[in-house]
Every structure is written in structure tokens, then in C-alpha cells.
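A short reminder: the numbers here are calculations on the coordinates, not readings from a lab. All values reported here derive from a predicted model rather than from experimental measurement. We place every Cβ from the backbone using ideal geometry, glycine too, and count neighbours over all the protein chains shown.
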Amino acid sequence: MFDVKEVRELTKNLTVLYAEDDASAQQEIEKILKIFFKNTLVANDGEEGLELYYKYQDKIDLILSDIQMPKINGLEMIEQIRTGDRDIPVIMLTAFNDQEYFLKSINLKIDKYLIKPLDKKAFIETIYDVAFSLSQKHLLQQLIRENQQAELLAKEKETISKITDAYSLPMIIFKDGKVKHFSKSFESLFQPLFKDDLNKISLDTKGLFDNKKGYLDSFSSYNSVDYEQNRIHITTSNGKKVFRVYRKNIDMSDGLADMFLLIDITFEEHIRAKENSYTQSLEKLVVKEKVTKVKEKAKDDISAQEYSANVDPTSISKLLELDKLDNSFYEAISEFEEGTQTNLGAVSKFLARYAEAIQPFEEFLELYAVINHLSEFLNDLDIGILSGSEHASFIKNLHIIRDELSHWRKGVFIEQDENDIHSHDFALISACLQIETLFSDIDDEVIEEVDDFDFF
């Protein structure tokens, strides 16, 4: 048994096409149909019925039609519809004298017959039966689609697993920021480092990699512009490892996904770190040799007036324009003293400007080399790593460098009252070396890490 609410629940989202030439019957049945169906399309004969069907065939769920109608009768209308659609449910309205059409209708897959005049209870019961069959058919189709999708995803995952596990590269795939798949090599590398289930990580998960400057802290920080920045640093039980990260968009059955491949570059990084440590050691030796040469040159005093008389005026004019730079340099040092600034990029730029102005003077090439070296050394460093006493020493030596550069520039090239043009060299070079020494622990960490990489 069923009630009107059950019928309404089954038909509330359906569209019915109703063809009837009898105006009074049409009006009565149309009222009933509109109670149950979302949309009711009404035709006055078979010809109008065909027109409405072809116009809305993608939306029509059920056809209700009288048999005897002018122009094109109901069976002829259904016969034409069946040439393209063998499944749409059809309910025919027939009189007792329409038995001659019965045999023909068998081949047209008519679902139900209703005898005129209609019994309302029988009519609603017929609508319920057809709508219920239609809902079961839709449910079955949905289950088939879901089963096919599940089978497709399973096959896809199996194929991906076979492909990725055939290679030794760690690989992980994210869909909508969540893990979709990872290779066995990825699991063996990261599972010991990650306490939770790897399936719970996301693009934004931090803690999977070492938090190290110059390396990615999560997959979401991948740099699509500068690929050289896409490296990760991890610490395993056997030592440290570095991987280059490559991202690729792949088209999967449920949409685009992000695939990340990890290439082991530990050995490459080991060699690079070795080269950097050797280079830094050699540069320190060169600077120390230049300090010795400056001391030796101090024996041959040259006055500022004597020296300036033989120097290109254009080169001197560049030094005379550095008054504003002196003031900016002083303001930057004040920010470091107050703790409002920690990045050394600004100081590096001031020193680079001075080095550029000093470079044309052959007599001061040693001074140029030391100032320029310190500028490159300080670039991208942060004084936040210094202790309290080291910070104070750093500020003190910055003041020395700024003051000595200012006195040197004015005494040698502006006022020209220096008896010895190299009288400031030793103090400048000594202050520069003192600052580099403060950051020597950074170099020591690099050298220690070089020997801690895991190659196997």
C-alpha cells in the first residue's frame, strides 16, 4: 500500500509529457499531474506531442498519451519516439474499442494501460508503479556508475603503484591538498621521521623536512619561478640527506593532481659545501696577506696632496658624492643598536657602494678587496644569531668602519690634510676581519655538516 505522499516523493523531480485531444479530460488529468510532477508538458494531439518531445527530450522522464488523436495518434507518436529512445516509460490511455491497437503496442514497449473513463485511484497507483520502477532504474544506473568509478580508481591506483614502485625515486601525489598516493620509497624514507600516518599529511604539513634556511619547509612552499630553491633537507638515522623537488600536474580520473618527485642530490650538495668551505678559507688567507702588505706599505708614506695631484678628478668626484651614504650608513647602525633591524642586506649595500667608489684607485686595491669581500660576506646574514657580547662587538666594529671610511674619504680627497694616505687602512681592515670572525661559527657549521651527509 502507498499514500499520496509516497507518490509525491517519487515524482516531485520528474517531468511528464501528456498528450490528449479531449479538452475536458485533458483539463481534469492535467490538474492531477501538476500535483505530483515538477513539470507537466501538455500536447493537444500526437503531432504537438512529438514537437514537445524533441524540444525537451533531455528533461522528459515519462509519457502519458491517449491513443485516438487527430493528425498523429498516440501509438504513431510513440512509434517515432521509440526509434531513438527504447527506454522512456509510456502509459497509454485507451477506450474499450481500442483493442485493435493492442498487438501493435506490444512492440512499442508500452509500460501501462489505463481504461477510460479513468479511475483516479487506479491512475495514481499506475503513476506510482511507473515512477517506482523509474527510481529503481536510476538507482541501479547510479550504483553501476559508482562501481565503475571505484573499479577505475582501483585500476588507476594499481597502475600508479606499479609505475612508481618500479623506480627508486620517492614520490607523492596530492589531490586538493590531500594525499592520494605515495611510493614505497617515499614511505620508507619518511615514515621513520613522521610519527603519524603518512596518509594524514597535506601540502601544508610542516615538520616532515628539517627547518633549515634555504630549503623548503613544506610541499606548499614549492617555488614555481626559481626551481633552484626547491630543495629539502632531512635528517635520517644514518645522517643528513638533501633532495631536489620536482612538481608536475597530472590528469587523473577525478581531476588534476600534484605529483612531487624527489631526486637525491646529497653528494652534489656535499661537493658544493666542500667547495664553499675551501673558498672561504682561501679568502681569509688572502685578506690576511693583504693586511701584511698594508703594514709594509705604511713604511713609504705618501701625503694626500701629493697623491690627489696625480689622480683622475672624475674618480674623486664619485667619492665626494658619498655624504648622504655616510648618513644612511649611520642610521642603519642605529637601527641595529635599537634592535629594530636584524638583516644585514642594507649594510652590505652601503659597503658595496663604497667598494665601487674605491675600486678605480690602484693605490687602494687592498682596501677595495677587503670592503668588497665584507659586503659579499654579510649579504643575507642575520645578526639574530649573535650573542649579546658578539652583537655589541659587531656594532662597535660597524661604527669603526663607518667612521674610518668617512675620515679616509675626507682626509685624503676632500680636505687633503693626511700626511699618510694609508693611515686609516689598518683600522678598516682590522674591523672588517673582526666582523667576519664573529660569524665564523656559521662556516664551522657548514664544514661540520659537510662530513655528516648520508650517501648510502
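Mind jotting down the distance between the C-alpha centroids of segment 313-334 and segment 24-38, whole Å?
93 Å
Between Leu320 and Glu51, what is 0.36 nm times their sequence separation minus the Cα-Cα distance? Round to one decimal in nm.
In short, 87.6 nm is gained.
Too long at a 24 Å Cα-Cα cut-off: which of Lys38/Lys112; Lys213/Lys324; Lys175/Lys241; Lys31/Lys121?
Lys213/Lys324; Lys175/Lys241
Show log10 I(q)/I(0) for segment 355-431 at q = 0.13, 0.26 Å⁻¹, two decimals, from a solvent-free Debye sum over equal Cα scatterers.
Relative scattering, expressed as log10 I(q)/I(0), comes to -0.45, -1.32.
What nm value, rounded to one decimal, do you get for the distance between Lys178 and Ala150 when each label is placed 7 Å out toward the C-beta?
1.7 nm
With only Lys, Arg, Asp and Glu charged, each at its Cβ (+1 for the first two, -1 for the last two), find how big the charge dipole of segment 4-141 is about the Cα centre; round to the nearest 20 debye.
560 debye
For Phe426 paired with Lys71, estimate the spin-label separation in nm (one decimal), with each label point 7 Å from Cα along the Cα-to-Cβ line.
So the two model labels end up 11.5 nm from each other.
Work out, step by step, the length gained on full extension between Gln141 and Lys59: first 0.36 nm times the residue separation, then minus their alpha carbon distance; give nm to one decimal.
Gain on extension, Gln141 to Lys59, equals 27.8 nm.
Which of rounded, prolate or oblate describes segment 4-141 when judged by the alpha-carbon gyration tensor and an a/c cut-off of 1.5?
Working: a/c = 1.37, a/b = 1.20, b/c = 1.14.
Judged from the Cα gyration tensor, segment 4-141 comes out rounded (a/c under 1.5).
Say R0 is 30 Å: what FRET efficiency, to the nearest 0.05, do Ala25 and Asp87 get from their beta-carbon distance?
Step by step, r from the Cβ atoms, then E = 0.65.
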